[in-house]
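Step one of this worksheet: look at the structure below.
The values are calculated or read from the model by the stated rules, or taken from the named source; none is laboratory data. All of these numbers come straight from a predicted model, not from anything done at the bench. Reconstructed Cβ throughout: ideal geometry from the backbone, glycine too, with neighbour counts over all protein chains shown. All accessible areas refer to the heavy atoms of the entire protein, side chains included, with ligands and DNA or RNA removed. Shrake-Rupley method; radii C 1.70, N 1.55, O 1.52, S 1.80 Å.
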Amino acid sequence: MSERKKDFLFLALLLVVLVISFAKILFTGRIVRAPDIINEFYWGVLSYRDMAFWDIFRVNLQATWSLFINSGLTVEGGTASLGFLYFQRLVFWLFPAPASVAWYMIFHLFIGGTGMYCLCRLIGAGRFAALLAGAIFALAPENATLINAGHVMKIATISFAPWAFYFLEKAFQTRRVIFFLTTGFVLAFQFFHTHWQIAYYTCLCIGAYAMIRSLGILRAERETTGASMVKLAGLNLVTMLFFLSTVAISLLPLANWSTDTTRGIGSGANMGKGGLTIEEAMSWSLPPEELVSFAIPGFFGLSRQEAGENPENIISYYWGRMNFTQTSDYMGLLPWLLIPLPLLFRRDRYTWLALVGIIAGLLFSMGKYTPFYRLLFEYFPGIDHFRVPKMMMFIPVMGLGVLAARGMDLLLDPDTRNTLKFRRYLYGLLALPLGMGLLLGVELLWKSHWLAAAGEMLSRPTHYEQGPQLAVQRWNNLVVETGIAAVIASAYALTLYGWHRKWLSTAVLPVILLGLFIADVGRVNAKFLFLVDEPVKAKGIKTPAMEYLLSHGSNQYRVLPMNGADPMLYATNRIPVMYTSNPVQQQRWQDFLDSFRFPSSMPDLVNLKYLVYEPQQYEREKGSLGVKYVPVFRSPDGEEIVLENRSVLPKGWLVQAVAVLQDPGQALAVMQNPAFDPRNVALVETIPPIPLADPNNPPGGDPGRVTMTRYESQLISIDAAPVRNSLLVLGEKYYRGWRATVDGKETEIYPVNYILRGIYLPPGRHRVEFVFDPLPFKIGKWLTLASFAFFAAMLGRELWLWRAKGQGLKKG
């Protein structure tokens, strides 16, 4: 059997292990119980059910503006790169929903595990050791329990990190341009998976690895000439520039879009510098005391389930100092037991690099609990735009996998086993279960003492639990988890001791250790793999209220569900909704939402025509709604009532007088006043280019006619016939990416009423068109396509050289 076939055999074994480990969520007609999946991600999956096979490979490279979500939503085409993810659509097309979501996540864990296998093989690890590293990456609860949180695209993004390091290390070993280019390409492909925080962290670590590795090369090659130093610096620069050009289709529009968001430069957050405040940015920092969970995974409880109550196999919710957690920090005990071996016997550059990755990743993940992260937040660009430092933990998992692989090789090396240092290492392993047993004894014998001493901490309430019973519940969980950890440590220690005494052969030792690792992490992962039936709403069933709205032409008017219903259900049925919850909003839109008042004209401005209530809820709140909202529909089951806003404005209207407010924020206060009538006066921020009527004495009468002829996501056409100089106001958000023409000639779009858009028109009949065509996306698209073409040409060149070399060898 060839060497390559042996590698494929081990990777096939890794795939089998993953399929068996996650069989519960793969072979089922149910769906993972995670709100992020049920309420968000799964809606996109449904579109693949009836897709034709060849549609999988079609790419729509356009900047889009959604008419149905959040009163108009865009990221300027920053997610158009999802069209390049052919295999994503292929997985969802091949596997039946809803289990296809689980297959997609496990597929990516396998991709990441394969990358770890190849990386470890590249730096000299044996096949079984590399297999262990791949299993650590794919099965370690730190990564695998992201399934429970529903972080589908986070798992997908993480899976490409090992491949980025693999190709970069290959590049440094060979000094060939193609591998530096491939590193940049992998980083860009990772970015395309839309979890930008993980992609950003990967780029940070790749940059640090490249710098340390380059300095190491220069130090090792003491006779390095200036030319070789320039070449090495140039190759690193090639990686960065090629990454930036390849990712431009996402990076340029997202960079432009983000400036106006609640985390952008103009948001006023972070002392006016943009980004998050330091308190928000350090949310979900890993508390130092939770490092104990690397050995005792349930020490601080286990997952908080958002989509339902905890199952019976979880005694206690997570109760640590983070806001909450739906995942586990555990990575398995075996990797930590193997780490001392490379530190004792193989202290080369790869050992030190992996150790730096573990330590730096942990310090970063601790966020607010160390000065390390605070310095980065203050002085390193980009850090202040993300709020979960603990997301860096995938880097320690990778470092742990590399060191564990090297430790496994050393464990099987006869020269290592025959040293005094190795025997001392084994004695240290025997001390671990003894220490855990001692801790368990202390917990059992002095339970009353510890409950009295730590009762306040143990009974600390959370958003989901409170009461004096928590202290005993959490203590019992802590004792049980300590006992289980002691048993697992004893199993490892006895296995290695029995092997050392030659009760076990060296051939079976790695198999037993891998089996123990799988059982160890499998126990923890099983507490995070929960299934529920596919939600009825996902089966395309419309509620009576939706049927009513669709039958009454709601496609140009917006709806606001007030009864707790998921707005995305309306949006997927092509009913525009005024508001959907997004982690990052446009700053002006967020300001508008914060000052929103139902009795004012603010709902009228954004074309909010319908509210959906529960009848009892409506009875409680109708006093605050005023007389403008009238019930027009009650569902036959009595669960829904639809209210119609009788004063809603049309999609476009003409205003003959404007008030100029130099401070745009003043407009919000004016609009909150029920006396403000946007039909007569519009609030603008600059002096109009044509004379308009006095806002203190607006003219009466008919202002003219406005007819909407096309209302599409990227094109809005209007026929307007003002009787005098007027401002055409559109009930759509103002955004820089829109362009407007009047009778074929480009004209400027102005912000009106703080969040809307408008253009000035002279009297007469006019054809007005609004086209969504942001320039950053167009530039980014062509840069990315050019990078693809260049990379394809370089790959073709490599293939030609490889064949030419092969033919030369045959002739020789």
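Checking the stated criteria, Arg634 turns out not to satisfy the condition of being of a type in the set (Lys, Arg) and under 30 Å from Arg705 (Cα atoms). Within the stretch 721-749, residues that are without any contact (Cβ under 8 Å) to a residue 60 or more places away in the chain and within 20 Å of Ala657 (Cα to Cα) reach partners that are of a type in the set (Gly, Ala, Ser) and assigned to a strand (DSSP E or B) with beta carbons closer than 7 Å, at six or more positions or on different chains, in the pairs Ala721/Gly704; Val723/Gly704; Thr747/Ala740; Ile749/Ala740.
Could you say whether any residue in the stretch 579-592 is among the hydrophobic types (A, V, I, L, M, F, W, C), farther than 30 Å from Pro751 by Cα and out of contact with any Ser or Thr (no Cβ under 6 Å at 6 or more places or on another chain)? Give the derivation first.
Step one: filter the stretch 579-592 for residues among the hydrophobic types (A, V, I, L, M, F, W, C), giving 584, 589, 592.
With farther than 30 Å from Pro751 by Cα added as a condition, the list becomes none.
No; the residues of the stretch 579-592 include none that is among the hydrophobic types (A, V, I, L, M, F, W, C), farther than 30 Å from Pro751 by Cα and out of contact with any Ser or Thr (no Cβ under 6 Å at 6 or more places or on another chain).
Met1 fulfils the conditions (1) in a loop (DSSP other than H, G, I, E, B); (2) at pLDDT 85 or above; (3) among the aliphatic types (A, V, I, L, M) except for a single criterion, (2). The lone criterion from (1) open to solvent by 50 Å² or more (accessible area, probe 1.4 Å); (2) modelled with pLDDT of 90 or more; (3) farther than 29 Å from Leu252 by Cα left unmet by Phe53 is number (2).
Among the listed residues Arg705, Arg739, Arg797, Arg710, which satisfies the condition of being part of a strand (DSSP E or B), of a type outside the set (Val, Ile, Thr) and farther than 24 Å from Gln62 by Cβ? That would be Arg705, the only listed residue that is part of a strand (DSSP E or B), of a type outside the set (Val, Ile, Thr) and farther than 24 Å from Gln62 by Cβ.
In the stretch 143-157, is there at least one residue being within 19 Å of Val402 (Cβ to Cβ) and open to solvent by 10 Å² or more (accessible area, probe 1.4 Å)?
Going residue by residue through the stretch 143-157, those that are within 19 Å of Val402 (Cβ to Cβ) are 143-144.
Of the ones still in play, those that are also open to solvent by 10 Å² or more (accessible area, probe 1.4 Å) are none.
No; the residues of the stretch 143-157 include none that is within 19 Å of Val402 (Cβ to Cβ) and open to solvent by 10 Å² or more (accessible area, probe 1.4 Å).
One residue alone among Tyr209, Tyr201, Tyr117 is closer than 20 Å to Ile358 by Cα, within 19 Å of the chain's Cα centre (by Cα) and open to solvent by less than 40 Å² (accessible area, probe 1.4 Å), and that residue is Tyr201. Looking only at residues of the stretch 464-476 that are in contact (Cβ under 8 Å) with a residue 40 or more places away in the chain and within 20 Å of Asn323 (Cβ to Cβ), we find that the one that is most open to solvent (accessible area, probe 1.4 Å) is Tyr464.
Among the residues in the stretch 435-445, are any surrounded by fewer than 21 Cβ atoms within 10 Å (Cβ to Cβ) and in contact (Cβ under 8 Å) with a residue 60 or more places away in the chain? Looking for residues that are surrounded by fewer than 21 Cβ atoms within 10 Å (Cβ to Cβ) and in contact (Cβ under 8 Å) with a residue 60 or more places away in the chain, one finds none in the stretch 435-445, hence no. Of all the residues in the stretch 174-193, those that are under 22 Å from Gly113 (Cβ atoms) and not aliphatic (A, V, I, L, M) number 9.
Which one of these is under 32 Å from the mean Cα position of the chain (by Cα) and at pLDDT below 95: Arg736, Arg724? Break it down into steps so the answer makes sense when it comes.
Working: Arg724 fails: under 32 Å from the mean Cα position of the chain (by Cα).
Step by step, each of Arg736, Arg724 is checked, and only Arg736 is under 32 Å from the mean Cα position of the chain (by Cα) and at pLDDT below 95.
None of Val402, Val388 is open to solvent by 20 Å² or more (accessible area, probe 1.4 Å), within 30 Å of Tyr350 (Cβ to Cβ) and within 40 Å of the chain's Cα centre (by Cα) except Val388. Of the listed requirements (1) β-branched (Val, Ile, Thr); (2) part of a helix (DSSP H, G or I); (3) touching a Ser or Thr at 6+ places or on another chain (Cβ under 8 Å), Ile38 misses just one: (3).
Out of Leu756, Leu761, Leu728, one residue alone is closer than 30 Å to Leu251 by Cβ and open to solvent by less than 40 Å² (accessible area, probe 1.4 Å). It is Leu756.
Tell me yes or no: at least one residue of the stretch 619-631 is open to solvent by 20 Å² or more (accessible area, probe 1.4 Å), closer than 23 Å to Leu683 by Cβ and not hydrophobic (A, V, I, L, M, F, W, C).
At the first step, the residues of the stretch 619-631 found to be open to solvent by 20 Å² or more (accessible area, probe 1.4 Å) are 619-624, 626-628, 630-631.
From the residues that got through so far, the ones that are closer than 23 Å to Leu683 by Cβ too are 626, 628.
Those still in the list that are not hydrophobic (A, V, I, L, M, F, W, C) too: 626, 628.
Yes.
Answer yes or no: is there a residue in the stretch 358-378 that is free of Cβ contacts under 8 Å to residues at least 24 places away in the same chain, aromatic (Phe, Trp, Tyr) and in contact with a Phe, Trp or Tyr (Cβ under 8 Å, 6 or more places away or on another chain). Looking through the stretch 358-378, at least one residue is free of Cβ contacts under 8 Å to residues at least 24 places away in the same chain, aromatic (Phe, Trp, Tyr) and in contact with a Phe, Trp or Tyr (Cβ under 8 Å, 6 or more places away or on another chain). Go through the stretch 243-289 and give me each residue that's among the charged types (D, E, K, R), within 23 Å of Tyr373 (Cα to Cα) and modelled with pLDDT under 90. Selection gives Arg263, Lys273, Glu279, Glu280.
Looking at Ser2, is it open to solvent by 50 Å² or more (accessible area, probe 1.4 Å) and free of Cβ contacts under 8 Å to residues at least 60 places away in the same chain? So Ser2 passes the test.
Only one of the numbered conditions (1) touching a residue at least 12 places away in the same chain (Cβ under 8 Å); (2) in a helix (DSSP H, G or I); (3) open to solvent by 40 Å² or more (accessible area, probe 1.4 Å); (4) of a type outside the set (S, T, N, Q) is not met by Pro776, and that is (3).
Kindly indicate which of Leu451, Leu458 is surrounded by 14 or more Cβ atoms within 10 Å (Cβ to Cβ) and in contact (Cβ under 8 Å) with a residue 40 or more places away in the chain.
Numbers: Leu451 fails: in contact (Cβ under 8 Å) with a residue 40 or more places away in the chain.
Step by step, each of Leu451, Leu458 is checked, and only Leu458 is surrounded by 14 or more Cβ atoms within 10 Å (Cβ to Cβ) and in contact (Cβ under 8 Å) with a residue 40 or more places away in the chain.
Cβ-Cβ contacts under 8 Å between residues 6 or more apart (or on different chains), taken from a first residue in the stretch 67-91 that is over 17 Å from Met153 (Cα atoms) to a second residue that is open to solvent by 10 Å² or more (accessible area, probe 1.4 Å) and basic (Lys, Arg), are listed as Phe68/Arg574; Ser71/Lys733; Gly72/Lys733; Gly77/Lys781.
When each of Ile779, Ile718, Ile759 is tested for being modelled with pLDDT of 95 or more, within 22 Å of Ala657 (Cβ to Cβ) and within 38 Å of the chain's Cα centre (by Cα), the lone residue that passes is Ile759.
Name the single residue that is surrounded by the fewest Cβ atoms within 10 Å (Cβ to Cβ) among those in the stretch 363-376 being among the hydrophobic types (A, V, I, L, M, F, W, C) and more than 20 Å from the chain's Cα centre (by Cα).
Within the stretch 363-376, the first condition is being among the hydrophobic types (A, V, I, L, M, F, W, C), and the residues that meet it are 363-364, 366, 372, 375-376.
If we keep only those that are more than 20 Å from the chain's Cα centre (by Cα) as well, we get 363, 372, 375-376.
Numbers: Leu363: 19, Phe372: 15, Leu375: 11, Leu376: 18.
The extreme case among them is Leu375.
Here is a yes/no grid of residues against (1) more than 30 Å from Pro603 (Cα to Cα); (2) of a type in the set (D, E, K, R); (3) surrounded by fewer than 18 Cβ atoms within 10 Å (Cβ to Cβ):
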{"position": "Gly29", "(1), (2), (3)": "yes, no, yes"}
{"position": "Leu46", "(1), (2), (3)": "yes, no, yes"}
{"position": "Val75", "(1), (2), (3)": "no, no, no"}
{"position": "Phe92", "(1), (2), (3)": "yes, no, no"}
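So, of the residues in the stretch 575-610 that are in contact with a Phe, Trp or Tyr (Cβ under 6 Å, 6 or more places away or on another chain), outside any loop (DSSP other than H, G, I, E, B) and farther than 28 Å from Gln197 by Cβ, which turns out to be most open to solvent (accessible area, probe 1.4 Å)? Residue satisfying both the conditions and the ranking: Lys609.
Residues in the stretch 315-340 that are modelled with pLDDT under 90, over 19 Å from Val388 (Cα atoms) and open to solvent by less than 10 Å² (accessible area, probe 1.4 Å): Ser316 alone.
Starting from residues that are more than 27 Å from Glu769 (Cβ to Cβ) and part of a loop (DSSP other than H, G, I, E, B), keep the ones in the stretch 648-666 and report whichever is nearest to the chain's Cα centre (by Cα).
Filtering the stretch 648-666 down to residues more than 27 Å from Glu769 (Cβ to Cβ) leaves 659, 661-663, 665-666.
Narrowing the set further to residues that are part of a loop (DSSP other than H, G, I, E, B) leaves 661-663, 665.
Values: Leu661: 39, Gln662: 39, Asp663: 36, Gly665: 32 Å.
If we take residues in the stretch 648-666 being more than 27 Å from Glu769 (Cβ to Cβ) and part of a loop (DSSP other than H, G, I, E, B), then Gly665 is nearest to the chain's Cα centre (by Cα).
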